[in-house]
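I have placed the structure first, in the form of structure tokens, so that the comments after it can refer back to it.
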Amino acid sequence: MCPGAPFLIEGTADAAAAGLKPVTLACAEAVSRLPPADVTLLITSCHRAGPPADGPGWRLFSPGTRIATTALRRSDLPDLHSLVLAGGGSDPAPGTVHDAAVGTMVGAHLLMAFPPEAADHCSATPAGETLVIEIAGNPAGAARELARRLNPALRVAVLVVADGSARHGDAAPGGPDGRADAFDAALADALASGDPIALRAGTADRELAGDLLATVDPLAVLAELSESRAPDAVELLYGAAPLGVGYLAASWLWAPT
């Protein structure tokens, strides 16, 4: 799990990134720990207005889609860098998605900068497959859709991009809210303990999460997907709010069965 901080994309806010190297290093560590996989799943949050394209509460990106990871300073710049979603034999979708959420672009950039190890030659999908889903209000439904799509016989690596509250202190983007510390502490404790039940509880109050400007739907999806089997190894790699926003980075690993 990594935050959706725009400064993680090189060239976007390099001055801020220079003072927040522990966040960048923690994200690099989290992504580099992703195991060899047949499917790499990127779960992020959708912030656009209007209904999502693929159903009630989420949007899936088709294999072959290009997700731009160019620096986020100007919208008229060419897409010099993009992550092309691999698929198991599907025809590529033309063009590049320009309306991806910031968290999706951050996750795509991290996967390009620190790519998971390639699946071996025995894999059912030799080139590997990449699935990207943006959650927009229905994490339980999105989790069911992912469970339906994912073959349980395949190895899956998951990168979750989410943020805690953006209301820590006077300098926070949303201004101060005295509930922010306890909210993020509950998320950090759940991630540090590897407890999917606690993680689901920490993301359950959607009204509070909205008040605190927290984007935790992707973590709710992770909780749903992992509820039947907790991870075998966990580590909270980062947990603080240096810009008034709760940044969390963590690694959950499951031993092969």
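Quick look at the numbers
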quantity: Karplus 3J(HN,Hα) series, Hz, for segment 135-145 with 6.51 cos²θ - 1.76 cosθ + 1.60 (x for Gly, Pro); calculated: 8, 9, x, 9, x, 5, x, 5, 4, 5, 5
quantity: Packing rank of 60-67, 219-226, 17-24, where each peptide gets the mean count of other beta carbons within 10 Å, highest leading; calculated: 219-226, 60-67, 17-24
quantity: Extended-chain gain in nm, criterion 0.36 nm per residue less alpha-carbon gap, A171 and A147; calculated: 4.6 nm
quantity: Residue-span extension gain [D211 to A230] - 0.36 nm each, minus C-alpha spacing; calculated: 3.9 nm
quantity: Per-pair calculated FRET efficiency, R0 = 41 Å: E10 and R179 via Cβ, rounded to 0.05; calculated: 0.75
quantity: Cα Rg, Dmax (largest Cα-Cα span) when computed across segment 123-257, Å; calculated: 15.6, 52
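Each reported figure results from applying straightforward, stated rules to the coordinates on display, with no laboratory input. Worth saying up front: this structure is predicted, and the values here are computed from it rather than measured. Note: ideal-geometry Cβ built from the backbone for every residue, glycine included; neighbour counts use all protein chains shown.
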